[in-house]
Amino acid sequence: MQRPRPSQHRPVSSVLPGLGATSQLLLCLTLVVFAQSQSENPRVTALIREGQSAIDAGDFSHAVQDFEDARQLAPENADINRGLVLSYLQAGRLADAQKIADFAVGRWPRDARLQHWLGLVYFKEGQPQNALQVLQRSESLNPDGSDIHFDIALVYLSVNQYPLAADELERAIKTNPNAALPHVLLGRAYQNTNRTIKAIEQFRAALRLDASIPLGHYHLGFALASLGRNQEAIAEYQKEILRAPDNPSVLYQLGHCELATGEWKSAVTYLRNATQLDPKNADADYDLGKALLLDGDAKGAVIALRQAAALKPESPDPHYQLARALEKTGDKEQSQDEFQIFADLKKAQPATGGMATGPIQ
Amino acid sequence: MVPIPQRMPARAQSHHSAAQQATPKGRNAAPSPISFVDIAKPAGINFHLTCGDPEKRYIMESMCGGVAVLDYDNDGWMDIFLVDGSTLADVQGGKCHTGKLYHNNHDGTFTDVTAKSGLSHCGWGFGVAVGDYDNDGWEDLYVTYLDGAVLYHNNHDGTFTDVTAKAGVGNLGRWGTSAAFGDYDNDGYLDLYVANYVDLDLQHLPEFGQGPFCQYRQIPVSCGPRGLKGGRDRLYHNNGDGTFTDVTEKLNIDPNSYYGLGVLWLDYDLDGCPDLYVANDSTPSMLYHGDCKGGFTEVGVNAGVAYSADGREQAGMGVDSSDYDNDGWPDIAKTNFSDDSNNLFHNDHNGEFTDMAGPADFGPVSIPFLGFGVKFLDIDNDGWKDLFVANGHVNPQVDQYAFGVTYAERPLLFRNFGKGKFEEVGLKAGSALARRYVARGAAAADFFNDGRENLLVSVLDEPPLLLRNQSRKQGHWLRIKTVGKRSNRDGFGARVEVKAGGLTQIEEVRANAGFESASDPRLHFGLGSANLVDSIVVHWPSGAIDRVGQQRTDQQLVIEEGKGVVTPQLMAPRTGSLPPN
């Protein structure tokens, strides 16, 4: 079963609050700049203010309309173009956002914020290389902008460039040491490059800054578990569960740790919850099968392991467990069949690199 | 406070103090009853293990470290043999490296007797096996090298003769690691299994850091074993006339030439026929079930010991067996690479095993550690087998990164609390166990015949550790030496059952286990508060059974096949007999 190994963390978007939310947070902060902008045309000034208010209220369609109207009146106004890029970006109209941003960046090439937002547009469009290029230009124009470092790091994380992401996050933290989220992401970048001790330091730093930061305890628990410190990990997962009782990822990891420490009944409870909340999580079904088997419920284990095998047909691991569970139920024939499937799937797997069981990077 | 004997060596005393200071505040209010002190230097063990250059650019530079405990002169005291490695430069320059033999002086010290012993083969050594292959009552030695192996016959006068060619066990051109004597066909003569690791050509060594199999966590390291050709293990059948026959192909041993490292003979299903477990690196481990007719069936996958609990290959290093939960069936401990848990395969009594390393609190703590030697022993004589694990990474380069993994690592000592649970107490067991080493082989022995099990541990590029057990609150004990008659003379493979104080313990006689090493072949039973042994039953490999009635505790019994106890030897505890400074 390909459950995440200690050093193979999931992509940032799978377990963190969505990138959109993160970007939204940063973008909203920048609106303060607009609030101070002025125009000689009172109508234009009013439209800009209405657009800002609409963005603040999350009414991006309205914001688009306001800024489009303003742009008809003053197409060369930088604030209006910025507002329009933001509005389209937040409204998810990426093509429109890019069109305006391309124009604006050409018109005001030394505007770091426009470069920044164009980079975000590219990022949201799934063009990380273009995003990086533009974001780095923005960074060169505003080297002290912690949000730019942060967003560059997000792009790096999205393409699994963990060392580079770590560099950017370290810069972001240097310029703004009191934000908790960069510490979490830096911890994850460290964890994904096997610098687990440093990762733990970062997760703890994030939790000191914001004890309720989403998934802070989760990531700390994961890092601790990767060092075999299961009891500490369980304590962290349980704190996270208090904050987010229905998060299947947390339930899964908690169940996984309980399984590892021999608390099979408790593991079954958490893992069953995880499978119910996320029926496509093959890892949870697999661990549930293992826990049931160890707890003496071989028949229950067979059901869960068949589900795991169905969800991950290419993985040999569920078949190995299934063979053992079937043996326990007395079904020797099917057990041997499963051992054979396990062996066949094993052969089909590519040779893993590096020493022994060390993770492939 | 742990009492400090009056004649504590200065080095050990200072370490002891350091350990006390290092104890985390509030973690351990009461002093630990477990204590080990390194007495190697004051005991006269002046050996330095050479194993390649410090950078460890090639795989063979990380795998040395065989240690053996044997009573080569039959004086009733365990002596020491330490295998030495070499370096590329020394191999090319013809500089000789030999192992060293230390005679036990019975006073806590040892004397280097290598020069007159005849143990003079020069080479890059790795593992060592001990066994009386010719049943003459004197222990012989088998040493594996990078390009072969040597069998030394014990001449009964403190000297040995190289009989490799005559015996036909040269393992020629192969890089042997662990080896183990065991009588797989119960014909009364010890056969020999040799684990071979990698087929290595010193003239064409794989380039450090070059290629996908020369990386660890994205950093360049020595290459292998993946990507290198494995060496096929060898099984030599003892013909009973001083010669052996290679039956590897005939018995289909290791057909895939996996990377062999750990070897263990055991009778896991109690059918009276020796089985064989081989820990392989990065490939499935193998469990050969003996069919009582001189043949084997490989059953590792079905038995649940070939892979991790998740069906993944592991980097098996060392392996040992004992009945850790006293349920009458032998279990298996195996060490693995870092990022992976060590295994504690519980015997399910039906031919299958379940890895209980996690629930037993043996596995999770081991994850950052790279384990090699592993040994069951009863450190406090409470009747429950504890576990020692020698750790040390293979890549010194890891120290340049904050991986949470270091090159030198502290050993792990697990105290068995019964009920299937262990607690890792290494940090509470004296400064010698709190320090970090690049440790490899490990052997347990009652070197001082005082009823306490001590440890001998090899360390790459350093002197070994001779860890004297100075734990308080020792229970009573019983030591049994087996002498086979129809069975092999050592009694290897005999299953001994001891009942005392309401507890029944079983142990199987063997010397060779762990990683490249051999331990005290005398069985050691901790008896807790029981001051009488109720009964002893010996199941000999020949099928014979000897039953012995009540016995006093705190003594050594010699039990001869067909005769029972032949020479009870009272052993007065010698708690203060440490070597002089």
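Any read-out appearing in this document is the output of simple, stated calculations on the displayed coordinates, not a laboratory observation. Model, not experiment: these values are computed from the prediction. A quick note on method: Cβ atoms are made from the backbone with ideal geometry, for glycine too, and the neighbour counts reach across all protein chains shown.
For this structure, a couple of remarks:
- Kirkwood Rh (inverse of mean 1/r, distinct Cα pairs), region B:283-353, angstrom: 12.7
- Restricting the calculation to Cα atoms, chain A shows an Rg/Rh of 1.09 when the hydrodynamic-style radius is the Kirkwood one.
- Here's the list of aspartates and glutamates a cross-link from A:Lys174 could span, going by alpha-carbon distance under 18 Å and ignoring same-chain residues fewer than 8 apart: A:Glu139, A:Asp144, A:Asp147, A:Asp151, A:Glu201, A:Asp210.
- When the Cα positions of B:Leu264, B:Trp384, B:Tyr236 are compared along the charge dipole of chain B, B:Trp384 comes out farthest toward the positive end, with charges on each C-beta of Lys, Arg, Asp and Glu.
- Rounded to the nearest 10 degrees, the angle from helix A:19-35 to the longest Cα principal axis of chain A is 20 degrees.
- Helix-only [θ]222 nm of chain A, DSSP H runs n ≥ 4, -39500 (n - 2.57) each, per residue, nearest 500: -23500 deg cm²/dmol
- Counting only Cβ charges, +1 for Lys and Arg and -1 for Asp and Glu, the dipole size of chain A around its Cα centre is about 620 debye.
- Shape analysis of region B:113-152 places it in the oblate category; the axes a ≥ b ≥ c from the Cα gyration tensor give an a/c of at least 1.5, with a/b not above b/c.
- Near the amide H of B:Thr87, within less than 5 Å, lie the amide hydrogens of B:Gly52, all on another chain or at least 5 residues away, with H placed in the peptide plane.
- log₁₀ of I(q)/I(0) at q = 0.11, 0.12, 0.21 Å⁻¹ - region B:43-184, Debye sum with one point per alpha carbon: -0.39, -0.46, -1.33
- Value at 222 nm in deg cm²/dmol, rounded to 500, when DSSP H runs of n ≥ 4 in chain B each add -39,500 (n - 2.57): -1500 deg cm²/dmol
- Dipole of chain A [Lys/Arg +1, Asp/Glu -1 at C-beta], most positive-end residue of A:Leu169, A:Gln129, A:Ser146: A:Leu169
- Extending 7 Å from the Cα toward the beta-carbon at both A:Thr175 and B:Asp136 defines two label points whose distance is 8.2 nm.
- For B:313-326, mean number of other protein chain Cβ atoms within 10 Å: 1
- Phi-based couplings in Hz for region B:257-266 (Karplus 6.51, -1.76, 1.60; Gly and Pro marked x): 6, 5, 7, x, 9, x, 10, 8, 8, 7
- Spin-label zone in region B:344-375 - amide nitrogen under 16 Å from a point set 7 Å from the Cα of A:Gln231 along the C-beta vector: B:358-367
- Relative to the longest principal axis of the Cα atoms of chain A, helix A:332-348 runs at roughly 40 degrees.
- Dimensions (Å) - the protein assembly as shown, Cα atoms, principal axes, largest first: 114, 59, 56
- Look at the Cα gyration tensor of chain B: its axes a ≥ b ≥ c give a/c under 1.5, and that counts as rounded.
- Rounded to the nearest 20, the size of the Cβ-charge dipole of the protein assembly as shown about its Cα centre is 2360 debye, with Lys and Arg at +1 and Asp and Glu at -1.
- Considering only alpha-carbon pairs that sit under 8 angstrom and 6 or more positions apart, the relative contact order computed for chain B is 16 percent.
- Put simply, the amide H of B:Leu200, placed in the peptide plane, has neighbours under 5 Å in B:Trp175, leaving out anything fewer than 5 places away on its chain.
- The mean sequence separation of alpha-carbon pairs under 8 Å and at least six residues apart, normalised by the residue count of region A:146-215, gives a relative contact order of 27 percent.
- Summarising the amide proton neighbourhood of B:Glu409: residues at separation of 5 or more, or on other chains, whose placed amide H is nearer than 5 Å comprise B:His393, B:Tyr437, B:Val438, B:Ala439.
- Residue-count net charge about A:Leu135 - beta-carbon cut-off 12 Å; Lys, Arg +1, Asp, Glu -1: -2
- Principal axes of region B:146-198: Cα extent on each, largest first, Å: 36, 27, 17
- Cβ-based net charge around B:His524, under 11 Å, with every Lys or Arg adding one and every Asp or Glu removing one: 0
- Rg over Rh, two decimals, region A:80-133 (C-alpha only, Kirkwood Rh): 0.92
- Cα centroid separation - region B:420-499 against region B:95-173, whole Å: 22
- Between region A:197-260 and region A:63-105, the alpha-carbon center distance in angstrom: 41
- Computed packing ranks the peptides A:241-254, A:129-142 as A:241-254, A:129-142, most packed first, by mean other Cβ atoms within 10 Å.
- Cα-based equivalent ellipsoid of region B:239-370: semi-axis lengths in Å, sorted from largest, via gyration tensor: 26, 18, 12
- Sum of side-chain charges, B:Leu261 neighbourhood, beta-carbon under 9 Å (Lys, Arg +1; Asp, Glu -1): -2
- Centre separation in Å (Cα based) which lies between region B:62-76 and region B:506-521: 11
- Dipole in debye (nearest 20) - region B:275-420, about Cα centre, beta carbon charges: Lys, Arg +1; Asp, Glu -1: 260
- Per-residue 3J(HN,Hα) values for region A:218-227, derived from phi via the Karplus relation 6.51 cos²θ - 1.76 cosθ + 1.60 with θ = phi - 60°, read 4, 5, 4, x, 4, 5, 5, 5, 5, 9 Hz in sequence order (x marks Gly and Pro).
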